[in-house]
Amino acid sequence: MTAENPSSDRYEFGANWASFIDNHYSAERRRAAAHKLLSFLGKDSLEGMDFLDIGSGSGLHSLAAFDAKAGRIHSFDFDPLSVRTTARLRQLAGEPSNWTVEHGDVLDFDYLDKLGTWSLVYSWGVLHHTGAMWQAIENAAGRVAPGGLLFIALYSSNVVKPSAQFWLDVKRRYNAANASQRRRMEYWYIWRFGLGQNPLRLPQLLRQIYEKKKGRGMSYMTDVRDWLGGWPMEFADDRAVVDYLKNRFDLVRISTGEACTEFLFRCTSEVKARRS
Ligand SMILES: C[S@@+](CC[C@H](N)C(=O)[O-])C[C@H]1O[C@@H](n2cnc3c(N)ncnc32)[C@H](O)[C@@H]1O
């Protein structure tokens with residue numbers, strides 16, 4: 001499911017990530033991010049692996065890879081403020097020489113070509129925000145070394161409620177709104193979808209907020225803004241993603257049921273870089 005861009009603007013992802021780190025960064029979230037990364041990969045550490053973070057956002061998951069002892073780490077993002085925020089976390093880690101951060105576009109074939117291939121390519125919640133999701137999947141897959149892993153998360157068309165079109169319309173309005181209108185839409189979201197229009201569901205909402213923190217180290221409000229604003233935006237059918245990669249990748253693990261389906265693939269053959 002694809003939609004035309006409602007405006008020429010992209011959502012300001014980087015501002016949301018900068019605010020996340022300013023207001024919510026903690027050692028606890030840092031540990032949670034590393035724990036979640038390793039547990040989905042089924043590993044105790046990333047020793048012996050390198051890590052390419054496509055669309056690093058806050059940089060928390062690159063930092064998690066650093067904490068998990070990945071060898072070479074490279075983080076890039078399209079949004080300059082995401083790049084700056086990731087660089088701040090690199091600084092916090094002591095500016096390690098094995099970790100580089102820069103501006104880059106997953107749709108820029110020449111840029112990607114220069115990066116070579118990696119034993120672990122990670123792109124969580126990014127490829128569906130590029131405006132050309134299948135090309136972005138192709139380009140990310142092309143960075144995986146033979147035998148290497150591809151860990152991606154994509155908004156799933158299989159679980160979205162009430163409908164993909166409903167959310168595309170909401171996003172259109174959110175991106176066109178001023179700051180106070182956006183704030184009202186965030187409250188509306190919490191009331192309707194966080195609480196299900198029932199104040200007695202507050203304990204469940206508090207549990208959800210806690211689980212977000214424990215899960216990937218994220219914050220509920222940062223994710224609400226990212227969900228309402230994130231644009232461009234596409235949804236992917238889970239089966240279609242597996243089918244798209246099946247000639248070159250084995251599916252190792254899949255986690256469904258949340259807004260983003262997480263996929264872990266292993267590259268079974270040399271992925272020929274493709275320009276399309
Ligand atoms: C929803 S955030 C996810 C951030 C991070 N991966 C995480 O899991 O927290 C999406 C990120 O993808 C970045 N992005 C969007 N289009 C991109 C592109 N064409 N190339 C690289 N990054 C892109 C955005 O700037 C944003 O920081």
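The values are calculated or read from the model by the stated rules, or taken from the named source; none is laboratory data. This structure is a prediction, so every number in the text was calculated from the model and none was measured. Every residue, glycine as well, gets a Cβ built from its backbone with ideal geometry; the counts of neighbours run over all protein chains shown.
Laid out as a table, the results:
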quantity	calculated
Top-ranked residue in segment 30-47 [being touching a residue at least 60 places away in the same chain (Cβ under 8 Å) and more than 11 Å from the ligand (Cβ to nearest atom); ranked as nearest to A93 (Cα to Cα)]	R30
Count of segment 147-165 residues which are modelled with pLDDT of 95 or more and over 13 Å from C260 (Cα atoms)	4
Filter pass, A64 being part of a helix (DSSP H, G or I) and touching a residue at least 24 places away in the same chain (Cβ under 8 Å)	yes
Qualifying residue in segment 120-127 (condition: in a helix (DSSP H, G or I), out of contact with any Gly (no Cβ under 7 Å at 6 or more places or on another chain) and within 15 Å of the ligand (Cβ to nearest atom))	yes
Filter result (within 13 Å of the ligand (Cβ to nearest atom) and not aliphatic (A, V, I, L, M)) within segment 17-29	W17, S19, F20, H24, Y25, R29
I152 being crowded, with 22+ Cβ neighbours inside 10 Å, part of a helix (DSSP H, G or I) and out of contact with any His (no Cβ under 6 Å at 6 or more places or on another chain)	no
Test: residue in segment 183-192 that is within 14 Å of the ligand (Cβ to nearest atom), of a type in the set (S, T, Y) and modelled with pLDDT of 95 or more	no
D53 vs. criteria within 11 Å of the ligand (Cβ to nearest atom) and acidic (D, E)	yes
Any chance A70 is assigned to a helix (DSSP H, G or I) and either over 22 Å from R225 (Cβ atoms) or more than 14 Å from the chain's Cα centre (by Cα) (or both)	no
